[in-house]
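> Handing you this structure, nothing more for now.
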Amino acid sequence: MTGGPDSPTPSLFFTPRRPVSAQLAGRPGLEAMGWHSAIKADPASFRISLDLVVFDNVAIARTAITPSIVVRTPEHVASLRVGSTFYFLLAGSAIIVQGGVRHSMSPGTVAVISGYLPFELIVPASAQMVTVLLKRGALDGRGVQSPETDTRVFSPSPYVALVTSFVTALAGDLPGPKTPRGVCSQQALLHLLIGLLLEELEASPPSDQQENRIAHALAFIEENYSNADLSTADVAVAVGVSVRHLQRILTEAHTSVSLELRRSRLRWASVYLLQKDRKKLQVDEIARLTGFGNVERLRRAFVHDLGTTPAGYRITGGLASDPGVAR
């Protein structure tokens, strides 16, 4: 990968670095961003401005970029070792494609992207955003389920606006990573991001346990996806409700145990297929590790949800998506 003179070494990305600013343009600008991603854009009109600081567990960047497609390739995924990326869209629009699923963003929304899988960030017109990258494991032991293998978009809400305001102010006056303000800012940011991930639970009235039970069920499924024998009854016991009640509340949430199990297993199968240190794993072993049980069930799930086979997904590096998305 090609990098600019001040580009972080990919394998040491989360080594604390003082704030830096850059104004990049044209083909040299596209090449200078190669340490971070492969950017597809018209060299004649490409422009990007970047303000960046790197802490121990967090990196913050404020970016203004002209129309382009930012591609995080399998090579970037392996070298940067990002756990999750939070995109705070301030102006313009953007489309994120990961795992074959397309997510649209408008100003005021926040997207959380898995750092374990390749993705595309499509900017159809000039956009401004603040990006927060978390080191893998940064949220471990902090009382929140890690979003590192998930992709989600948060719609505007009072709390989303509060977090966006803090992140925007912080990105406008980036502190040094080892200064007292920098140390406190990193911790405050982590707590706000945890609050963002927990917002859906806190939105339910204390007298209404339904949302909490759904969250408990989804967390239990995520923790036990590798168990090929996991049943709806097992999940109901863990949540503390009857099978019938669990089925009812999940149906009202437009999901089911079998659907969430397949989603979780597909996410982790995608991770295993693309991780370089697991590249030699055979597809039948991945099927066993992810709870599918056999290759045929894994293949059917990939073809149904992603439109390709596990082998095809591995060959394309996970970047195959709706052919109309990037047009």
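No value in this document is a laboratory result; all are computed from the given coordinates. Being a predicted model, the structure only gives us computed values, none of them experimental. With ideal geometry, Cβ positions are generated from the backbone for all residues, glycine too; neighbour counts draw on all protein chains shown.
> Ratio of alpha-carbon Rg to the 2.2 N^0.38 Å globular estimate for segment 10-202, to two decimals, please.
Output field value: 0.96.
> Compute the angle between helix 295-306 and the longest alpha-carbon principal axis of the chain, please, reported from 0 to 90 degrees and rounded to the nearest 10.
Helix 295-306 sits at roughly 50 degrees to that axis.
> While we're looking at this one, here's another question. For a Förster distance of 41 Å, can you work out the FRET efficiency between the beta-carbons of D173 and S242, rounded to the nearest 0.05?
0.15
> Continuing with the same structure: Given L197, S114, V239, which one lies farthest toward the positive end of the charge dipole of the chain, if we put +1 on the Cβ of every Lys and Arg and -1 on the Cβ of every Asp and Glu?
Ranked along the dipole, the leading option is S114.
> Could you tell me the convex hull volume per residue, in Å³, taken over the Cα atoms of segment 209-269?
Looking at segment 209-269, the number lands at 69 Å³ per residue.
> How far, in nm, would the chain grow between A91 and D229 when pulled straight, counting 0.36 nm per residue and subtracting the alpha carbon separation?
So the extension gain works out to 45.0 nm.
> Count the net charge of all other residues whose Cβ sits under 13 Å from the Cβ of R72, scoring Lys and Arg as +1 and Asp and Glu as -1.
0
> In nanometres, what is the gap between the two model label sites at L289 and D140, each 7 Å from Cα along Cα-to-Cβ?
1.7
> Same structure, new question: Once the other residues with Cβ under 12 Å from the Cβ of G176 are scored (Lys, Arg +1; Asp, Glu -1), what is the net sum?
Here the charged neighbours net out to +3.
> Out of the chymotrypsin sites (Phe, Trp or Tyr not before Pro) in segment 19-81, which ones are loop residues according to DSSP with at most 14 other C-beta atoms within 10 Å?
Here no chymotrypsin sites (Phe, Trp or Tyr not before Pro) fit, given the DSSP loop and packing criteria.
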